[in-house]
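See structure below.
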Amino acid sequence: MYKKREEQTLDEHALVANARRGDVGAFEELVRRHQDIAFRTAYLVLRDADAAEDAAQEAMVKAYRAIARFHEGGAFRPWLLKIVSNQALTMARSRKRQQAALERASAEPHALLDIDETLIDRERARLIWSALQSLNDRERMAVYLRYFLGLPERELAEYLGVPPGTVKSRLHRALEHLRKLIATDWPQLIEEHAT
């Protein structure tokens, strides 16, 4: 298993080197290998499949344009995910501005929905996502990448641009911040979990 991973890493370094020299096929192979995690990263930020697909594709275009500046010998995935997450965060901010403008323009009250278990589950999920959105961008992306996408701490360290030992303390602080936010602003999440 370790040997296969090592071969894949060496192969990836060769693909990156070839892509840096202008080999479009090599870059297309890198995209093929990482398109799923790029989409999932964008989806965690945007919570919309179409928007996540757009963000991932736009990020791939940006990565292609920037591949010559990629640090040779570095890990490609964290570098790519940083581009993807930045693109998704930019799109999310734009969507929030558009949504706020639409809400100001719309004076009609929303129809009341019947409450059932599914709606309660959706409301709980919405509250959790609201709590996550209250974290700053760096904390939120660290939590997404580590706990939602399972990015190894070594790659997360590269993504964050910090030594590997710093990752655990950053994650700990982000989770502590999230706990405090939930306790203050969304105590019903704690109460529901306790029952």
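Read-outs throughout are calculated quantities, based only on the coordinates presented, and are distinct from any laboratory measurement. Not measured: the values here are computed from a predicted model. With ideal geometry, Cβ positions are generated from the backbone for all residues, glycine too; neighbour counts draw on all protein chains shown.
Of note:
- Residue within the stretch 73-85 that is more than 19 Å from M141 (Cα to Cα) and either assigned to a helix (DSSP H, G or I) or free of Cβ contacts under 8 Å to residues at least 40 places away in the same chain (or both) present: no
- Taking residues in the stretch 19-37 that are without any contact (Cβ under 8 Å) to a residue 24 or more places away in the chain, and partners anywhere that are in a helix (DSSP H, G or I) and not hydrophobic (A, V, I, L, M, F, W, C), the pairs with Cβ atoms closer than 6 Å and at least 6 places apart or on different chains are A26/N18.
- Qualifying positions in the stretch 133-146 - in contact (Cβ under 8 Å) with a residue 12 or more places away in the chain and either farther than 15 Å from L181 by Cα or surrounded by fewer than 18 Cβ atoms within 10 Å (Cβ to Cβ) (or both): S134, D137, R138, M141, A142, Y144, L145, R146
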